[in-house]
Amino acid sequence: MKATYADFLAANPNCSKFDANTDAIAIFDFLNRDANIISMIDSAKMGKPALSGCISELEIFYSQMQNPTIDLTDGFTRTVIGRMVKAILEPFGYLPTVQKSFPKKYSVKYFSSASCYKESGPATMRVVKHIEEI
């Protein structure tokens, strides 16, 4: 089963101030979309920060929020986003290894670095890619 926002909060009690924050929940749900999980895992497999798989899309998603109640200019809030990624990738057996800066080509506004991940834990989920005739 994919991670839920409740799983994230249970694993990170110091993030409880975001418990009922609808914008934080929306960001978690955005990161937890299948396409973004696959992109983050693909980035991790290439030795890049997992978040680089969808960082541009995340910043666009955030910029489209009307009066956001979450502030990506705040360091702790960015750490919370990283903890969300950890909670989302953990069921796939991915655990954080090192922190790396984003290459300049990403032109990120709020994040300067993120964790890299390696498939090294027990997995309860997997990504399956296949070709089908339509």
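The values are calculated or read from the model by the stated rules, or taken from the named source; none is laboratory data. Every value quoted in this text rests on a predicted model; they were computed, and no experiment measured them. We place every Cβ from the backbone using ideal geometry, glycine too, and count neighbours over all the protein chains shown. Each accessible area value is taken on the protein alone, full model and side chains, heavy atoms only, with ligands, DNA and RNA left out. Shrake-Rupley method; radii C 1.70, N 1.55, O 1.52, S 1.80 Å.
I'm trying to understand the selection: among the residues of the range 56-72, which are more than 18 Å from K104 (Cα to Cα) and either of a type outside the set (D, E) or surrounded by 17 or more Cβ atoms within 10 Å (Cβ to Cβ) (or both)? Walk me through it before giving the result.
As a first pass, look at the range 56-72 and keep what is more than 18 Å from K104 (Cα to Cα): 61-72.
F61, Y62, S63, Q64, M65, Q66, N67, P68, T69, I70, L72 - these are the residues of the range 56-72 that are more than 18 Å from K104 (Cα to Cα) and either of a type outside the set (D, E) or surrounded by 17 or more Cβ atoms within 10 Å (Cβ to Cβ) (or both).
The helices (runs of 4 or more DSSP H) falling completely within the range 23-106 that include 2 or more residues that are more than 27 Å from P122 (Cα to Cα) map to 55-63, 75-89.
Quick check on I38: is it touching a residue at least 60 places away in the same chain (Cβ under 8 Å), open to solvent by 40 Å² or more (accessible area, probe 1.4 Å) and hydrophobic (A, V, I, L, M, F, W, C)?
Details: touching a residue at least 60 places away in the same chain (Cβ under 8 Å): yes; open to solvent by 40 Å² or more (accessible area, probe 1.4 Å): yes; hydrophobic (A, V, I, L, M, F, W, C): yes.
Taking the combined requirement at face value, the residue satisfies it.
Of the residues G82, G53, G75, G47, the single one that is open to solvent by less than 80 Å² (accessible area, probe 1.4 Å) and in contact (Cβ under 8 Å) with a residue 60 or more places away in the chain is G47. For the criterion of being buried (at least 18 other Cβ atoms within 10 Å of the Cβ) and not charged (D, E, K, R), I88 passes. When residues in the range 11-28 are screened for being surrounded by 13 or more Cβ atoms within 10 Å (Cβ to Cβ) and under 16 Å from K86 (Cα atoms), 7 of them pass. Pairs are defined by a Cβ separation below 9 Å, a sequence spacing of at least 6 or placement on different chains, a first member in the range 108-120 that is outside any loop (DSSP other than H, G, I, E, B), and a second member that is aromatic (F, W, Y) and modelled with pLDDT under 95; the pairs so defined are S113/F102; A114/F102.
Condition test on I131, is it β-branched (V, I, T), over 15 Å from A24 (Cα atoms) and open to solvent by 20 Å² or more (accessible area, probe 1.4 Å)?
When the stated conditions are applied, I131 passes them.
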